[in-house]
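Undergrad: A single structure is presented below for examination.
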Amino acid sequence: MTSNIDYIDKIPNNVDLGRDRVLQRALEHWQPAYMGWWYDMGPNESHNYDVYLRTAISVDAEGWAQFDYVKMPQYRWGIFLVPPTAGREVNFGVNKGQPAWQDVPGEYRSMLRRIIVTQGDTEPASVEQQRMLGMCAPSMYDLRNIYQVNVEEGRHLWAMVYLLHRYFGRDGREEAEALLDRRSGDADNPRILGAFNEPTPDWLAFYMFTFFTDRDGKFQLSSLAESGFDPLARTCRFMLTEEAHHMFVGETGVGRIVERTAQVMAEHHLEDPGQVRALGVIDLQTIQRYLNFHYSVTLDLFGGDVSSNAASYYTTGLKGRYEETKIADDHQLTDATYKVGTVSNGRVIEEEIPALNALNERLRDDYIGEVQAGVDRWNKVIEKHGVAFRLTLPHKGFHREIGNYAGYHISPDGEVMTEAGWNARRDEWMPSAADYTFVQAMMQGRVVEPGKFANWIAPPRRGIHTKPIDFEYVRFN
Ligand SMILES: [Fe+2]
Ligand SMILES: [Fe+2]
(Lines give C-alpha, C1' and ligand atoms only; values in the text may rest on other atoms or scores of the structure.)
(Ligands and ions follow the chains in the order given, each with its own letter.)
Protein backbone atom coordinates (compact mmCIF):
# COMPACT_ATOMS: atom_id res chain seq x y z
CA MET A 1 0.00 0.00 0.00
CA THR A 2 2.09 2.88 -1.23
CA SER A 3 0.33 5.15 -3.73
CA ASN A 4 -2.90 7.14 -3.62
CA ILE A 5 -4.39 4.97 -6.33
CA ASP A 6 -3.85 1.83 -4.27
CA TYR A 7 -5.61 3.37 -1.31
CA ILE A 8 -8.71 4.45 -3.18
CA ASP A 9 -8.83 1.04 -4.84
CA LYS A 10 -8.29 -1.07 -1.73
CA ILE A 11 -9.96 1.16 0.82
CA PRO A 12 -12.51 3.41 -0.90
CA ASN A 13 -12.67 6.60 1.12
CA ASN A 14 -13.40 10.29 1.17
CA VAL A 15 -11.03 11.12 4.03
CA ASP A 16 -7.93 11.70 1.92
CA LEU A 17 -6.34 8.52 3.23
CA GLY A 18 -3.72 8.58 0.45
CA ARG A 19 -2.16 11.69 1.98
CA ASP A 20 -2.56 10.92 5.68
CA ARG A 21 0.63 9.09 6.67
CA VAL A 22 -0.31 8.67 10.32
CA LEU A 23 -3.64 7.12 9.49
CA GLN A 24 -2.04 4.91 6.83
CA ARG A 25 0.44 3.50 9.32
CA ALA A 26 -2.27 2.79 11.87
CA LEU A 27 -4.46 1.07 9.29
CA GLU A 28 -1.56 -0.91 7.81
CA HIS A 29 -1.14 -2.45 11.21
CA TRP A 30 -4.83 -2.97 11.92
CA GLN A 31 -6.05 -4.19 8.52
CA PRO A 32 -4.28 -7.60 8.62
CA ALA A 33 -5.68 -8.16 12.12
CA TYR A 34 -9.13 -7.29 10.81
CA MET A 35 -8.73 -9.82 8.00
CA GLY A 36 -7.63 -12.42 10.53
CA TRP A 37 -10.76 -11.69 12.50
CA TRP A 38 -12.92 -11.95 9.35
CA TYR A 39 -11.43 -15.34 8.42
CA ASP A 40 -11.96 -16.62 11.97
CA MET A 41 -15.25 -15.01 12.92
CA GLY A 42 -16.88 -13.94 9.62
CA PRO A 43 -19.56 -16.08 7.93
CA ASN A 44 -18.63 -19.74 8.15
CA GLU A 45 -17.28 -21.48 5.00
CA SER A 46 -18.12 -18.49 2.84
CA HIS A 47 -14.68 -17.29 1.78
CA ASN A 48 -14.74 -18.64 -1.75
CA TYR A 49 -18.32 -17.73 -2.68
CA ASP A 50 -19.13 -15.01 -5.20
CA VAL A 51 -21.88 -12.96 -3.60
CA TYR A 52 -23.97 -10.30 -5.33
CA LEU A 53 -23.24 -7.44 -2.93
CA ARG A 54 -23.43 -3.70 -2.82
CA THR A 55 -20.27 -1.79 -1.99
CA ALA A 56 -20.04 1.89 -1.13
CA ILE A 57 -17.28 3.50 -3.19
CA SER A 58 -18.31 7.13 -2.69
CA VAL A 59 -21.00 9.10 -0.88
CA ASP A 60 -22.86 10.40 -3.94
CA ALA A 61 -26.03 8.86 -5.32
CA GLU A 62 -24.31 6.57 -7.85
CA GLY A 63 -21.35 5.59 -5.71
CA TRP A 64 -22.86 4.62 -2.42
CA ALA A 65 -24.43 1.39 -3.69
CA GLN A 66 -22.42 -0.40 -6.38
CA PHE A 67 -23.68 -3.94 -7.02
CA ASP A 68 -21.51 -6.79 -8.27
CA TYR A 69 -20.28 -10.29 -7.44
CA VAL A 70 -17.60 -10.17 -4.74
CA LYS A 71 -15.72 -12.75 -2.72
CA MET A 72 -16.29 -11.47 0.79
CA PRO A 73 -12.66 -11.47 1.98
CA GLN A 74 -12.04 -9.15 -0.99
CA TYR A 75 -14.89 -6.83 -0.06
CA ARG A 76 -13.68 -3.24 -0.18
CA TRP A 77 -14.43 -1.97 3.31
CA GLY A 78 -14.28 1.78 2.92
CA ILE A 79 -14.30 4.90 5.07
CA PHE A 80 -16.99 7.46 4.36
CA LEU A 81 -18.35 10.55 6.03
CA VAL A 82 -21.21 12.55 4.59
CA PRO A 83 -19.92 15.89 3.24
CA PRO A 84 -19.51 18.65 5.84
CA THR A 85 -22.23 21.24 6.36
CA ALA A 86 -20.77 24.73 6.19
CA GLY A 87 -21.16 26.65 9.43
CA ARG A 88 -22.45 23.66 11.40
CA GLU A 89 -22.67 24.31 15.14
CA VAL A 90 -22.99 22.35 18.36
CA ASN A 91 -26.78 22.24 18.47
CA PHE A 92 -27.52 21.38 22.11
CA GLY A 93 -26.17 21.39 25.63
CA VAL A 94 -23.98 23.97 27.37
CA ASN A 95 -21.78 24.43 24.29
CA LYS A 96 -24.74 25.16 22.01
CA GLY A 97 -23.88 27.77 19.40
CA GLN A 98 -20.13 27.04 19.27
CA PRO A 99 -18.78 25.96 15.88
CA ALA A 100 -19.00 22.14 15.65
CA TRP A 101 -15.69 20.56 16.80
CA GLN A 102 -13.37 19.31 14.10
CA ASP A 103 -11.02 17.94 16.74
CA VAL A 104 -11.68 16.18 20.00
CA PRO A 105 -12.22 18.70 22.81
CA GLY A 106 -9.59 17.71 25.40
CA GLU A 107 -11.94 17.72 28.38
CA TYR A 108 -14.38 15.32 26.65
CA ARG A 109 -11.79 13.00 25.22
CA SER A 110 -12.36 9.93 27.37
CA MET A 111 -16.14 10.27 27.26
CA LEU A 112 -16.08 10.51 23.50
CA ARG A 113 -13.72 7.55 23.16
CA ARG A 114 -16.07 5.49 25.31
CA ILE A 115 -19.04 6.38 23.10
CA ILE A 116 -17.15 5.39 19.94
CA VAL A 117 -15.80 2.16 21.41
CA THR A 118 -19.23 1.11 22.69
CA GLN A 119 -20.80 1.70 19.28
CA GLY A 120 -17.85 0.08 17.48
CA ASP A 121 -18.01 -3.04 19.64
CA THR A 122 -21.55 -3.87 18.51
CA GLU A 123 -20.54 -4.09 14.84
CA PRO A 124 -18.21 -7.12 14.85
CA ALA A 125 -20.32 -8.67 17.62
CA SER A 126 -23.33 -9.14 15.36
CA VAL A 127 -21.15 -10.74 12.65
CA GLU A 128 -19.91 -13.20 15.26
CA GLN A 129 -23.44 -13.92 16.46
CA GLN A 130 -24.61 -14.68 12.92
CA ARG A 131 -21.63 -16.58 11.58
CA MET A 132 -23.20 -20.05 11.38
CA LEU A 133 -26.53 -19.03 9.87
CA GLY A 134 -25.39 -19.22 6.25
CA MET A 135 -25.28 -22.99 6.65
CA CYS A 136 -29.07 -23.18 7.01
CA ALA A 137 -30.31 -20.25 4.88
CA PRO A 138 -33.90 -20.59 3.63
CA SER A 139 -32.95 -19.36 0.13
CA MET A 140 -30.17 -17.88 -1.95
CA TYR A 141 -31.88 -14.49 -1.67
CA ASP A 142 -31.78 -14.65 2.13
CA LEU A 143 -28.22 -15.93 2.13
CA ARG A 144 -27.14 -12.93 0.08
CA ASN A 145 -28.96 -10.61 2.46
CA ILE A 146 -27.26 -11.93 5.59
CA TYR A 147 -23.87 -11.61 3.88
CA GLN A 148 -24.73 -8.03 2.93
CA VAL A 149 -25.55 -7.25 6.52
CA ASN A 150 -22.32 -8.93 7.67
CA VAL A 151 -19.97 -7.04 5.33
CA GLU A 152 -21.67 -3.75 6.21
CA GLU A 153 -21.33 -4.39 9.94
CA GLY A 154 -17.67 -4.96 9.10
CA ARG A 155 -17.60 -1.56 7.41
CA HIS A 156 -19.26 0.02 10.44
CA LEU A 157 -16.38 -1.32 12.50
CA TRP A 158 -14.00 0.35 10.03
CA ALA A 159 -15.96 3.59 10.44
CA MET A 160 -15.44 3.61 14.22
CA VAL A 161 -11.80 2.47 13.92
CA TYR A 162 -11.17 5.34 11.54
CA LEU A 163 -12.29 7.77 14.26
CA LEU A 164 -10.14 6.02 16.88
CA HIS A 165 -7.06 6.02 14.64
CA ARG A 166 -7.48 9.50 13.30
CA TYR A 167 -8.41 11.35 16.49
CA PHE A 168 -7.22 9.37 19.51
CA GLY A 169 -3.57 8.52 18.94
CA ARG A 170 -2.05 5.63 20.82
CA ASP A 171 -5.00 4.81 23.07
CA GLY A 172 -7.24 4.91 19.99
CA ARG A 173 -5.03 2.31 18.33
CA GLU A 174 -5.18 0.12 21.43
CA GLU A 175 -8.97 0.37 21.53
CA ALA A 176 -9.11 -0.54 17.84
CA GLU A 177 -7.16 -3.71 18.52
CA ALA A 178 -9.33 -4.58 21.50
CA LEU A 179 -12.39 -4.38 19.21
CA LEU A 180 -10.94 -7.37 17.34
CA ASP A 181 -10.07 -9.27 20.53
CA ARG A 182 -13.41 -9.36 22.30
CA ARG A 183 -15.79 -12.14 21.24
CA SER A 184 -19.55 -12.34 21.44
CA GLY A 185 -20.56 -14.63 24.29
CA ASP A 186 -16.98 -15.25 25.46
CA ALA A 187 -16.80 -15.87 29.21
CA ASP A 188 -13.47 -14.06 29.67
CA ASN A 189 -13.55 -11.34 27.04
CA PRO A 190 -17.17 -10.72 26.00
CA ARG A 191 -18.61 -7.91 23.90
CA ILE A 192 -19.50 -4.80 25.91
CA LEU A 193 -23.32 -4.87 25.74
CA GLY A 194 -25.60 -7.71 26.83
CA ALA A 195 -27.71 -8.29 23.72
CA PHE A 196 -24.52 -8.67 21.70
CA ASN A 197 -23.50 -11.68 23.76
CA GLU A 198 -26.77 -13.56 23.20
CA PRO A 199 -26.70 -16.35 20.63
CA THR A 200 -28.53 -15.89 17.31
CA PRO A 201 -29.15 -19.58 16.76
CA ASP A 202 -31.63 -19.62 13.88
CA TRP A 203 -33.17 -17.48 11.14
CA LEU A 204 -36.19 -16.41 13.14
CA ALA A 205 -33.75 -15.08 15.74
CA PHE A 206 -31.72 -13.40 12.97
CA TYR A 207 -34.73 -11.59 11.56
CA MET A 208 -35.87 -10.56 15.05
CA PHE A 209 -32.34 -9.33 15.73
CA THR A 210 -32.18 -7.24 12.55
CA PHE A 211 -35.65 -5.85 13.20
CA PHE A 212 -35.19 -5.04 16.89
CA THR A 213 -31.46 -4.79 17.58
CA ASP A 214 -30.27 -3.21 14.33
CA ARG A 215 -32.99 -0.65 14.96
CA ASP A 216 -31.43 0.14 18.32
CA GLY A 217 -28.34 0.77 16.16
CA LYS A 218 -30.35 3.17 14.05
CA PHE A 219 -31.46 5.18 17.08
CA GLN A 220 -27.99 5.26 18.63
CA LEU A 221 -26.46 6.32 15.31
CA SER A 222 -29.17 8.94 14.84
CA SER A 223 -28.42 10.55 18.18
CA LEU A 224 -24.66 10.40 17.47
CA ALA A 225 -25.35 11.95 14.06
CA GLU A 226 -26.41 15.03 16.08
CA SER A 227 -23.02 15.15 17.87
CA GLY A 228 -21.12 18.39 18.20
CA PHE A 229 -17.99 16.37 17.29
CA ASP A 230 -18.43 16.77 13.56
CA PRO A 231 -16.46 13.74 12.27
CA LEU A 232 -18.58 11.43 14.46
CA ALA A 233 -21.80 13.08 13.28
CA ARG A 234 -20.83 12.75 9.62
CA THR A 235 -19.64 9.15 9.99
CA CYS A 236 -22.86 8.06 11.70
CA ARG A 237 -24.99 9.88 9.16
CA PHE A 238 -23.47 7.75 6.40
CA MET A 239 -23.79 4.52 8.40
CA LEU A 240 -27.53 5.14 8.65
CA THR A 241 -27.92 4.67 4.89
CA GLU A 242 -26.68 1.09 5.30
CA GLU A 243 -28.60 0.43 8.51
CA ALA A 244 -31.89 0.94 6.65
CA HIS A 245 -31.28 -2.23 4.63
CA HIS A 246 -30.58 -4.27 7.77
CA MET A 247 -33.93 -3.30 9.25
CA PHE A 248 -35.61 -4.03 5.92
CA VAL A 249 -34.15 -7.54 6.05
CA GLY A 250 -35.52 -7.97 9.57
CA GLU A 251 -38.97 -6.58 9.02
CA THR A 252 -39.58 -8.41 5.75
CA GLY A 253 -37.97 -11.59 7.13
CA VAL A 254 -40.32 -11.81 10.11
CA GLY A 255 -43.15 -10.61 7.86
CA ARG A 256 -42.54 -13.44 5.38
CA ILE A 257 -42.46 -16.07 8.15
CA VAL A 258 -45.70 -14.67 9.59
CA GLU A 259 -47.24 -14.63 6.12
CA ARG A 260 -46.35 -18.26 5.43
CA THR A 261 -47.73 -19.39 8.79
CA ALA A 262 -50.96 -17.41 8.38
CA GLN A 263 -51.36 -18.84 4.87
CA VAL A 264 -51.05 -22.42 6.11
CA MET A 265 -53.38 -21.74 9.05
CA ALA A 266 -56.03 -20.28 6.76
CA GLU A 267 -55.69 -23.01 4.18
CA HIS A 268 -56.10 -25.79 6.73
CA HIS A 269 -58.45 -23.94 9.12
CA LEU A 270 -56.08 -24.58 12.02
CA GLU A 271 -55.28 -22.61 15.13
CA ASP A 272 -53.66 -25.11 17.47
CA PRO A 273 -49.91 -24.43 17.59
CA GLY A 274 -49.06 -28.15 17.62
CA GLN A 275 -51.08 -28.76 14.47
CA VAL A 276 -49.58 -25.69 12.84
CA ARG A 277 -46.08 -26.97 13.59
CA ALA A 278 -46.95 -30.36 12.16
CA LEU A 279 -47.43 -28.66 8.79
CA GLY A 280 -43.82 -27.46 8.79
CA VAL A 281 -44.29 -23.80 9.66
CA ILE A 282 -43.59 -21.79 12.82
CA ASP A 283 -46.66 -21.23 15.01
CA LEU A 284 -47.50 -17.61 15.81
CA GLN A 285 -47.15 -18.26 19.56
CA THR A 286 -43.49 -19.19 19.09
CA ILE A 287 -42.98 -16.08 16.96
CA GLN A 288 -44.53 -14.05 19.79
CA ARG A 289 -42.09 -15.58 22.30
CA TYR A 290 -39.09 -14.75 20.11
CA LEU A 291 -40.47 -11.23 19.77
CA ASN A 292 -40.75 -10.91 23.57
CA PHE A 293 -37.14 -11.99 23.99
CA HIS A 294 -35.54 -9.82 21.32
CA TYR A 295 -37.61 -6.78 22.21
CA SER A 296 -36.77 -6.96 25.91
CA VAL A 297 -33.02 -7.54 25.54
CA THR A 298 -32.90 -4.71 23.01
CA LEU A 299 -34.72 -2.31 25.34
CA ASP A 300 -31.89 -2.90 27.81
CA LEU A 301 -29.39 -1.61 25.24
CA PHE A 302 -30.70 1.92 25.70
CA GLY A 303 -29.37 1.93 29.27
CA GLY A 304 -30.83 2.99 32.60
CA ASP A 305 -34.07 4.97 32.71
CA VAL A 306 -32.38 7.44 35.02
CA SER A 307 -28.86 8.09 33.78
CA SER A 308 -26.31 10.71 34.70
CA ASN A 309 -24.06 9.45 31.88
CA ALA A 310 -26.76 10.23 29.33
CA ALA A 311 -27.12 13.66 30.91
CA SER A 312 -23.36 14.28 30.57
CA TYR A 313 -23.28 13.11 26.96
CA TYR A 314 -26.07 15.56 26.19
CA THR A 315 -24.92 18.52 28.25
CA THR A 316 -21.44 18.37 26.74
CA GLY A 317 -22.88 18.22 23.20
CA LEU A 318 -21.53 14.76 22.36
CA LYS A 319 -24.79 12.80 21.93
CA GLY A 320 -28.13 14.41 21.08
CA ARG A 321 -31.71 13.27 21.09
CA TYR A 322 -33.31 11.51 18.14
CA GLU A 323 -33.80 14.21 15.48
CA GLU A 324 -32.50 16.84 17.91
CA THR A 325 -32.49 19.71 15.45
CA LYS A 326 -36.14 19.11 14.51
CA ILE A 327 -37.32 19.41 18.13
CA ALA A 328 -38.76 22.81 19.06
CA ASP A 329 -37.37 23.56 22.54
CA ASP A 330 -34.33 25.20 24.11
CA HIS A 331 -31.99 22.20 23.49
CA GLN A 332 -30.66 22.65 27.02
CA LEU A 333 -33.40 20.90 29.02
CA THR A 334 -32.52 22.76 32.21
CA ASP A 335 -36.09 22.89 33.57
CA ALA A 336 -37.78 20.19 31.49
CA THR A 337 -39.08 16.93 32.96
CA TYR A 338 -39.88 13.53 31.47
CA LYS A 339 -42.01 10.61 32.64
CA VAL A 340 -40.33 7.30 33.43
CA GLY A 341 -41.88 4.10 34.69
CA THR A 342 -40.85 2.53 37.96
CA VAL A 343 -42.12 -0.04 40.45
CA SER A 344 -43.60 1.15 43.73
CA ASN A 345 -45.59 -0.92 46.25
CA GLY A 346 -45.89 -3.82 43.84
CA ARG A 347 -47.24 -1.74 40.97
CA VAL A 348 -45.80 -0.01 37.93
CA ILE A 349 -46.19 3.75 38.28
CA GLU A 350 -44.90 6.75 36.38
CA GLU A 351 -42.79 9.51 37.84
CA GLU A 352 -41.55 12.80 36.48
CA ILE A 353 -37.80 13.24 36.57
CA PRO A 354 -35.47 15.89 35.10
CA ALA A 355 -35.49 15.41 31.33
CA LEU A 356 -31.69 15.51 31.24
CA ASN A 357 -31.50 12.33 33.30
CA ALA A 358 -34.23 10.64 31.25
CA LEU A 359 -32.57 10.83 27.83
CA ASN A 360 -32.09 7.06 27.54
CA GLU A 361 -35.75 6.56 28.30
CA ARG A 362 -36.76 9.18 25.78
CA LEU A 363 -34.70 7.50 23.05
CA ARG A 364 -36.21 4.15 24.08
CA ASP A 365 -39.70 5.63 23.68
CA ASP A 366 -38.86 6.99 20.24
CA TYR A 367 -37.65 3.51 19.35
CA ILE A 368 -40.75 1.81 20.71
CA GLY A 369 -42.96 3.99 18.52
CA GLU A 370 -41.19 2.78 15.41
CA VAL A 371 -41.16 -0.84 16.53
CA GLN A 372 -44.90 -0.74 17.21
CA ALA A 373 -45.53 0.44 13.64
CA GLY A 374 -43.62 -2.58 12.33
CA VAL A 375 -45.59 -4.98 14.54
CA ASP A 376 -48.80 -3.40 13.23
CA ARG A 377 -47.67 -4.15 9.68
CA TRP A 378 -47.06 -7.83 10.60
CA ASN A 379 -50.55 -7.96 12.10
CA LYS A 380 -52.01 -6.65 8.85
CA VAL A 381 -50.53 -9.70 7.12
CA ILE A 382 -52.13 -12.03 9.67
CA GLU A 383 -55.44 -10.20 9.40
CA LYS A 384 -55.41 -10.40 5.62
CA HIS A 385 -55.49 -14.19 5.91
CA GLY A 386 -58.44 -14.08 8.27
CA VAL A 387 -56.48 -15.41 11.26
CA ALA A 388 -57.53 -14.01 14.65
CA PHE A 389 -54.09 -14.03 16.40
CA ARG A 390 -52.29 -10.69 16.89
CA LEU A 391 -48.64 -10.08 17.81
CA THR A 392 -48.12 -7.58 20.63
CA LEU A 393 -45.21 -5.81 22.27
CA PRO A 394 -44.90 -6.85 25.91
CA HIS A 395 -44.86 -4.24 28.66
CA LYS A 396 -41.69 -2.14 28.80
CA GLY A 397 -40.79 -3.70 32.15
CA PHE A 398 -41.04 -7.30 30.93
CA HIS A 399 -37.80 -9.32 31.27
CA ARG A 400 -35.56 -6.31 31.88
CA GLU A 401 -32.10 -6.45 33.42
CA ILE A 402 -31.16 -2.78 33.23
CA GLY A 403 -32.93 0.27 34.61
CA ASN A 404 -35.87 0.78 36.94
CA TYR A 405 -37.48 -2.58 36.18
CA ALA A 406 -34.37 -4.67 36.76
CA GLY A 407 -34.82 -7.15 39.59
CA TYR A 408 -38.63 -7.22 39.26
CA HIS A 409 -40.68 -9.93 37.63
CA ILE A 410 -43.15 -8.25 35.32
CA SER A 411 -45.62 -10.02 33.06
CA PRO A 412 -46.15 -9.05 29.41
CA ASP A 413 -49.27 -7.20 30.62
CA GLY A 414 -47.28 -5.14 33.11
CA GLU A 415 -48.29 -6.95 36.28
CA VAL A 416 -45.60 -7.13 38.98
CA MET A 417 -45.32 -10.81 39.98
CA THR A 418 -43.38 -12.95 42.40
CA GLU A 419 -40.29 -14.65 41.05
CA ALA A 420 -41.89 -18.08 41.42
CA GLY A 421 -45.10 -16.94 39.74
CA TRP A 422 -43.18 -15.48 36.84
CA ASN A 423 -40.95 -18.52 36.46
CA ALA A 424 -43.97 -20.82 36.39
CA ARG A 425 -45.15 -19.03 33.27
CA ARG A 426 -41.77 -18.33 31.71
CA ASP A 427 -42.18 -20.80 28.84
CA GLU A 428 -45.46 -19.19 27.80
CA TRP A 429 -43.66 -15.88 27.36
CA MET A 430 -40.09 -16.65 26.38
CA PRO A 431 -38.66 -19.14 23.88
CA SER A 432 -38.05 -22.44 25.68
CA ALA A 433 -35.34 -24.98 24.96
CA ALA A 434 -38.06 -26.99 23.18
CA ASP A 435 -38.95 -23.99 21.00
CA TYR A 436 -35.34 -23.56 19.92
CA THR A 437 -35.06 -27.28 19.21
CA PHE A 438 -38.21 -27.17 17.11
CA VAL A 439 -37.16 -24.09 15.11
CA GLN A 440 -33.65 -25.39 14.52
CA ALA A 441 -34.92 -28.81 13.47
CA MET A 442 -36.97 -27.05 10.80
CA MET A 443 -33.89 -25.21 9.54
CA GLN A 444 -31.60 -28.14 8.82
CA GLY A 445 -29.52 -27.62 5.69
CA ARG A 446 -29.81 -24.72 3.31
CA VAL A 447 -31.91 -24.11 0.24
CA VAL A 448 -29.49 -23.45 -2.60
CA GLU A 449 -31.56 -23.55 -5.77
CA PRO A 450 -32.23 -20.04 -7.15
CA GLY A 451 -35.87 -19.03 -6.64
CA LYS A 452 -36.61 -21.83 -4.14
CA PHE A 453 -37.62 -21.10 -0.53
CA ALA A 454 -37.85 -23.20 2.61
CA ASN A 455 -41.42 -24.21 3.45
CA TRP A 456 -41.57 -22.01 6.58
CA ILE A 457 -41.06 -18.68 4.81
CA ALA A 458 -42.88 -16.91 1.98
CA PRO A 459 -40.85 -15.55 -0.96
CA PRO A 460 -40.15 -11.79 -0.94
CA ARG A 461 -42.19 -9.41 -3.09
CA ARG A 462 -39.21 -8.62 -5.26
CA GLY A 463 -35.51 -9.35 -5.63
CA ILE A 464 -32.49 -7.21 -4.82
CA HIS A 465 -31.49 -4.23 -6.97
CA THR A 466 -34.03 -4.94 -9.75
CA LYS A 467 -32.82 -8.55 -10.10
CA PRO A 468 -35.50 -11.26 -10.21
CA ILE A 469 -36.25 -13.39 -7.16
CA ASP A 470 -34.70 -16.44 -8.85
CA PHE A 471 -31.45 -14.61 -9.63
CA GLU A 472 -28.27 -16.49 -8.69
CA TYR A 473 -27.37 -14.22 -5.77
CA VAL A 474 -24.62 -16.52 -4.53
CA ARG A 475 -22.27 -18.68 -6.61
CA PHE A 476 -20.84 -21.39 -4.40
CA ASN A 477 -17.97 -22.37 -6.72
FE1 LIG B 1 -23.92 -1.52 12.20
FE1 LIG C 1 -26.84 -3.05 11.22
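Undergrad: Grab the other residues whose beta carbon is less than 15 angstrom from that of residue 322, score K and R as +1, D and E as -1, and report the net.
TA: Working: positive: 215, 218, 237, 319, 321, 326, 362, 364; negative: 216, 226, 243, 323, 324, 329, 361, 365, 366, 370.
Its environment carries a net charge of -2.
Undergrad: Highest mean first, what order results for 252-258, 328-334 on Cβ atoms within 10 Å?
TA: On the way: 252-258: 24.1, 328-334: 13.3.
For the peptides 252-258, 328-334, the packing ranking is 252-258, 328-334.
Undergrad: Here is a further query. Return the distance in nm (one decimal) between the two label points of a simple spin-label model at residue 345 and residue 476, each offset 7 Å from Cα along Cα→Cβ.
TA: Distance between the two pseudo-spin positions: 6.5 nm.
Undergrad: I would also like to ask the following. Checking the cross-link filter: which lysines have an alpha carbon closer than 29 Å to that of residue 452, excluding same-chain neighbours under 8 positions apart?
TA: Leaving aside lysines fewer than 8 places away in the same chain, those within reach of residue 452 are 71, 380, 384, 467.
Undergrad: Compute the accessible area per residue over the stretch 322-477, keeping the other protein chains in place, probe 1.4 Å, unit Å².
TA: Values: 8480 Å² over 156 residues.
In whole numbers, the stretch 322-477 has 54 Å² accessible per residue.
Undergrad: A follow-up question, please. Which whole-number value in Å² is the accessible area per residue of the stretch 84-178, probe 1.4 Å? Display every interim value, and only then the final one.
TA: Working: 3070 Å² over 95 residues.
Per-residue accessible area for the stretch 84-178 comes out at 32 Å².
Undergrad: Moving to a separate point now. Could you tell me the distance between the Cα centroids of the stretch 286-342 and the stretch 354-383, to the nearest Å?
TA: Their Cα centres are 11 Å away from one another.
Undergrad: Does the chain come out rounded, prolate or oblate, given a ≥ b ≥ c as the square roots of the eigenvalues of its C-alpha gyration tensor, rounded meaning a/c under 1.5 and, failing that, prolate meaning a/b above b/c? Display every interim value, and only then the final one.
TA: Values: a/c = 1.89, a/b = 1.14, b/c = 1.65.
Since a/c reaches 1.5 but b/c is at least a/b, the shape of the chain is classed as oblate.
Undergrad: For the chain, with all protein chains present and a 1.4 Å probe, just round the carbon and sulfur fraction of the accessible area to a whole percent. All intermediate terms of the calculation are to be shown ahead of the outcome.
TA: Working: 9360 of 19340 Å².
About 48 percent, which is the carbon plus sulfur part of the accessible surface.
Undergrad: Given the rule -39500 (n - 2.57) for each run of at least 4 DSSP H residues, summed and divided by the residues of the chain, what is its mean residue ellipticity at 222 nm, to the nearest 500 deg cm²/dmol? Spell out each step's value before the answer.
TA: Details: 14 runs with 226 residues, N = 477.
The per-residue figure over the chain is -15500 deg cm²/dmol.
Undergrad: Can you compute the modelled spin-label distance between residue 68 and residue 109, with each label point 7 Å from Cα toward Cβ, in nm?
TA: 4.2
Undergrad: Provide the net charge surrounding residue 449, with neighbours chosen by a C-beta distance below 15 Å and charges set as Lys +1, Arg +1, Asp -1, Glu -1. Before the final figure, lay out each step's value.
TA: Values: positive: 144, 446, 452, 475; negative: 142, 470, 472.
Around residue 449, the surrounding residues sum to +1.
Undergrad: How about the stretch 374-420: which trypsin sites (Lys or Arg not before Pro) there lie in a loop by DSSP and see at most 13 other Cβ atoms within 10 Å?
TA: Loop-located and lightly packed - 390.
The values are calculated or read from the model by the stated rules, or taken from the named source; none is laboratory data. Source: prediction; values computed, not measured. Ideal geometry is used to build each Cβ from the backbone, glycine not excepted, and the neighbour counts take in all protein chains shown. Surface accessibility is based on the protein's heavy atoms, side chains included, excluding ligands, DNA and RNA. Shrake-Rupley method; radii C 1.70, N 1.55, O 1.52, S 1.80 Å.
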